Amino acid sequence: MGFDLKKNSGNERIIGEDFDNLYLNNENLYKSDVRISEIDRLERTIALVEKYRKKINGKAKLLDVGCGTGRFTHSMSYFFNETLGIDVSKEAIQLAAKNSETVRKTSFKHTSITQVQEYDWNVITSLEVLYYLTRDEQKKNILEIYNHLTPGGFFICSFITEKKYIPLNIVNTLFAEFSMVESNYTYRFIFRKVEMVLFKVQKHIFNNSAFTNRIISQISGSRSIMKMCDYLSKLILGKKAITRAILVFQK
Ligand SMILES: C[S@@+](CC[C@H](N)C(=O)[O-])C[C@H]1O[C@@H](n2cnc3c(N)ncnc32)[C@H](O)[C@@H]1O
């Protein structure tokens, strides 16, 4: 996202408004996102949730913090008896609620990670959200959100590990108090760069024309190109090529 994370992290109002504008101008942003890396991270997260949901007996409840327009939250209704998505963007919550009319047992609320009042969740997810908090807030809010889990519950969070976001070297301090049960990393450095260049070209030079959209979705939608780039990233850059982490912690 083109947000000024350095300047605005921690300012919930500005972040909420930035996302309102983003969602207002791209109602289908998340639904029609053609980037295979996005689809891939969602699929991997869903697989992890499914795996840990199986470890919970009986009815289970999920809280999705920073749910956006709810494309991940909606798919969770298959696994959980109750699902709540929260977000600081009013627009996101309206779209999520509108899109969830046919989805069972799912609700949405306009509020922040700093204000969560509901307790006793078996699983809490927070996908690509923590960057919008300052470092101090990240630590504080992750600790607080833990209190909202039932004993034995799972916290699953994903983030980009590049410098601007949450670099790997600070992950240990950020999550020091928790026990990690699984980590899932992607070595996607080369593919991410290719994808970013393609999207810049599409936006600035060809102004999102249908033709370039098609070409770009074909290139960035190719799993074999993605796999080849992942392989090369890992081989050439090793740990430096880790671009995303999906971490699972258990209370
Ligand atoms: C990059 S989007 C990710 C959306 C969704 N989780 C996904 O994976 O597709 C980040 C979302 O976090 C929300 N957000 C940012 N700061 C937040 C906060 N303090 N509390 C709750 N949501 C927040 C934004 O409004 C935005 O919808």
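Could you check the stretch 53-88 and list, in sequence order, the residues that are of a type in the set (D, E) and either outside any strand (DSSP E or B) or in contact (Cβ under 8 Å) with a residue 40 or more places away in the chain (or both)?
Correct list: D64, D87.
Just give me the residues in the stretch 89-132 being assigned to a loop (DSSP other than H, G, I, E, B) and either acidic (D, E) or under 22 Å from I246 (Cβ atoms) (or both), in sequence order.
Those that are assigned to a loop (DSSP other than H, G, I, E, B) and either acidic (D, E) or under 22 Å from I246 (Cβ atoms) (or both): E101, V116, E118, D120, E128, V129.
Examine the stretch 57-78 for a residue that is away from the ligand (no atom under 16 Å from the Cβ), hydroxyl-bearing (S, T, Y) and more than 15 Å from I156 (Cα to Cα), and state whether such a residue exists.
For the stretch 57-78, residues away from the ligand (no atom under 16 Å from the Cβ), hydroxyl-bearing (S, T, Y) and more than 15 Å from I156 (Cα to Cα): present.
Any chance the stretch 57-76 includes a residue that's at pLDDT 95 or above, surrounded by fewer than 19 Cβ atoms within 10 Å (Cβ to Cβ) and among the acidic types (D, E)?
No, because not a single residue in the stretch 57-76 is at pLDDT 95 or above, surrounded by fewer than 19 Cβ atoms within 10 Å (Cβ to Cβ) and among the acidic types (D, E).
Can you tell me which residue among F159, F108, F154 is in contact with a Cys (Cβ under 8 Å, 6 or more places away or on another chain) and within 25 Å of E38 (Cβ to Cβ)?
F108
Spot the failing condition for S222; the list is (1) of a type in the set (G, A, S); (2) under 26 Å from V49 (Cβ atoms); (3) at pLDDT below 95, and only one is missed.
The single condition S222 does not satisfy is (2).
Residues to consider are N122, N172; find the one that is without any contact (Cβ under 8 Å) to a residue 24 or more places away in the chain and within 21 Å of Q250 (Cβ to Cβ).
Exactly one residue qualifies, and that residue is N172.
Each row is one residue, and each column tells you yes or no for (1) farther than 28 Å from K7 by Cβ; (2) within 12 Å of the ligand (Cβ to nearest atom); (3) basic (K, R).
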residue	(1), (2), (3)
E91	no, yes, no
R104	yes, no, yes
V129	no, yes, no
G153	yes, no, no
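How about the stretch 155-175: which of its residues are away from the ligand (no atom under 11 Å from the Cβ) and of a type in the set (F, W, Y)?
F155, F175
Just one of (1) surrounded by 17 or more Cβ atoms within 10 Å (Cβ to Cβ); (2) modelled with pLDDT under 90 trips up K105, so point out which.
Answer for K105: the failing condition is (1).
For E50, state whether it is more than 16 Å from the ligand (Cβ to nearest atom), charged (D, E, K, R) and either over 16 Å from F154 (Cβ atoms) or in a strand (DSSP E or B) (or both).
Judged against the criteria, E50 is not a match.
Criterion first (more than 9 Å from the ligand (Cβ to nearest atom) and either within 30 Å of I225 (Cα to Cα) or modelled with pLDDT under 85 (or both)) does N28 satisfy it?
Taking the combined requirement at face value, the residue satisfies it.
Can you tell me which of T134, T125 is under 21 Å from L95 (Cβ atoms) and within 12 Å of the ligand (Cβ to nearest atom)?
That would be T125, the only listed residue that is under 21 Å from L95 (Cβ atoms) and within 12 Å of the ligand (Cβ to nearest atom).
Answer yes or no: is there a residue in the stretch 33-40 that is modelled with pLDDT of 95 or more and part of a helix (DSSP H, G or I).
No: the stretch 33-40 contains no residue that is modelled with pLDDT of 95 or more and part of a helix (DSSP H, G or I).
Only one of (1) buried (at least 17 other Cβ atoms within 10 Å of the Cβ); (2) within 14 Å of the ligand (Cβ to nearest atom); (3) touching a residue at least 40 places away in the same chain (Cβ under 8 Å); (4) among the β-branched types (V, I, T) is not met by T114, so which one is it?
(1)
The values are calculated or read from the model by the stated rules, or taken from the named source; none is laboratory data. On a predicted model such as this, the values are computed, not experimentally measured, just so you know. Counting neighbours? That spans all protein chains shown, and the Cβs are built from the backbone with ideal geometry, glycine included.
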